[in-house]
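Inspection log for the structure reproduced underneath, given as structure tokens.
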Amino acid sequence: MAAGELVETERTALARRDPRRPYTRRLSPVERVWLVADAMEPPFAPVFVLEGEGALDPVAFERAVELAAAVNPGVAVVLRGWVGWTRWVGTGPAPRVRSADGSGWDGRGPGGAPWLAEPMDPRRGPVLDFTLLSGPTPRVLVRMHHSAMDGRGLFVFLDDLFSALRGEALVGSPSEVTDLELARRLAPAKNPRRVEDCLAPTGERSGAETSSTWRRLSVPGRFSRILPTVLCCLAREARRHATGEVRIGVPVDLRARADADRSTANLTGIVDLEVPEGATPDSVQATLDAALASHRAAAFVLEAEFILGVPLWLATAVARASTRRVCRKNRYDSSGTVSNLGRVPIERFSGGGFRTKTAFFIPPGTPSHACFIILCGHEQGIEAVVTMPGDLASDDRLDALMVRLNDALVAASSVPRLS
């Protein structure tokens, strides 16, 4: 079957969508929350980085992007409409592709990577772009606006992109489902009301720099209960500085839980987990299992539905007032967010002369969010990236947190630490 030809399957047939009209999807409540976050500290765009070997032909890569975008219309969307009538419409530009010299970037922090901070406008597009970085370590840098796509949605697109590079058949995803529709299918009970009573993992704010920064950690080995291990580490670090509550958000993909089609959209809910003093990875895992069984991640989506009727300027003004309050009190509605993507299928993200060897996600940040961690597993071990506001990372506190996180992960690994 030629490159770009579609595989027709029961769940992904493009016949589900009338080809005479453009792709359209209603803006969901959580996606609107991420638009507010983008107004606070743009761009609110997670960055996926593939590291490997070999060189990609930019022309061939751009053609593969076009082929994959043609069968995944959710990656070429722009926002249209206002307030509760806002929708994603598939009339936006295709994902952008460019090349740059990446020899001055070590992939361990933001220094030397100006491409990471460039703005993205969801009303003009594109909401997805690629930078092919040359240098001692060739990299493919992928930025996605979080209001339009989540990590699992990006993987759907990348599957087709690299299939196109290898000359294989594409599957495609025309799904227009939203997280609100999936949450309603699950019909969860309500979550406890969020209270601004949580500690930050690095203590109180210090300094004037509020813009987010990040660090990356690579730990070899095989891991079990890695998510609860990281949550327990964050809780210990927070209580190293003060006494108080620790509650950590855990993103949950709603696709499998609601039997959803393949989709490139943002279909992620969040579970807030209390991590009491003395908690262990086993006890935290048990709490998480119970929360997943009761669909608390879907409840998070339903509870955000009110924001659909709030103008973006007003929601942003409320968020700015909330930021000033939590910064003054040094207490937050959560101690952070930890997203575990599990083992990333890097073997599928190779082609066109490039072979991926490792991959990591750089989380976005906002001034009011104490920290955001994304974990990506691969054959050799785990990649952990921590993003937090500059005045919580100051005085080498983020670096100290990375050391203790490394120690916790090494202790949980079945393979000794490499020199």
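Among the trypsin sites (Lys or Arg not before Pro) found in the stretch 189-247, those both in a DSSP coil and sparsely packed, with 11 or fewer other Cβ atoms within 10 Å of their Cβ, are LYS190, ARG193.
A straight chain from ARG348 to SER134 at 0.36 nm per residue would run longer than the Cα-Cα distance by 74.9 nm. For the chain, DSSP calls about 75 percent of its internal beta bridges antiparallel. Under Stokes-Einstein, with the Kirkwood radius over Cα pairs as Rh, the value for the stretch 172-274 at 25 °C and 0.890 mPa s is 144 µm²/s.
Could you please report the charge total around ARG26, scoring K, R as +1 and D, E as -1 over all other residues with beta-carbon less than 10 angstrom from its beta-carbon? Value of the local net charge: -1.
Once the other residues with Cβ under 9 Å from the Cβ of ASN330 are scored (Lys, Arg +1; Asp, Glu -1), what is the net sum?
+3
Taking all protein chains together and rolling a 1.4 Å probe, TRP115 ends up with roughly 20 Å² accessible. Given in Å, the Rg to one decimal and the Dmax to the nearest whole number for the Cα atoms of the stretch 281-387 are 18.3, 52.
Sorting the Cα pairs of the stretch 91-178 by distance into bins of 5 Å, from 0 upward, gives 3, 11, 20, 23, 20, 14, 7, 2, 0 percent per bin. The Cβ shell under 12 Å around PRO228 holds other residues with a net charge of -1, Lys and Arg each +1, Asp and Glu each -1.
For TRP85 and ASP282, the difference between the fully extended length at 0.36 nm per residue and the C-alpha to C-alpha distance is 66.5 nm. Of the chymotrypsin sites (Phe, Trp or Tyr not before Pro) found in the stretch 43-111, the ones in coil according to DSSP and having at most 15 other Cβ atoms within 10 Å of their Cβ are TRP82. Across the chain, Cα pairs under 8 Å and at least six residues apart give a relative contact order of 24 percent. Applying 1/(1 + (r/R0)^6) with r as the Cβ-Cβ distance of GLU379 and GLU209 and R0 = 51 angstrom yields a FRET efficiency of 0.85.
Averaging Cα coordinates gives a centre for the stretch 154-193 and one for the stretch 270-335; these two points are 23 Å apart. Here the relative contact order of the stretch 176-323, from alpha carbon pairs under 8 Å that lie six or more residues apart, stands at 36 percent.
The values are calculated or read from the model by the stated rules, or taken from the named source; none is laboratory data. This one's a predicted model, so the numbers in the text were calculated from it and none came from an experiment. FYI the Cβ positions are ideal-geometry reconstructions off the backbone, even for glycines, and counts take in every protein chain you see. When the accessible area is computed, the model is the full protein with side chains, heavy atoms only, and any ligands, DNA or RNA have been set aside. Shrake-Rupley method; radii C 1.70, N 1.55, O 1.52, S 1.80 Å.
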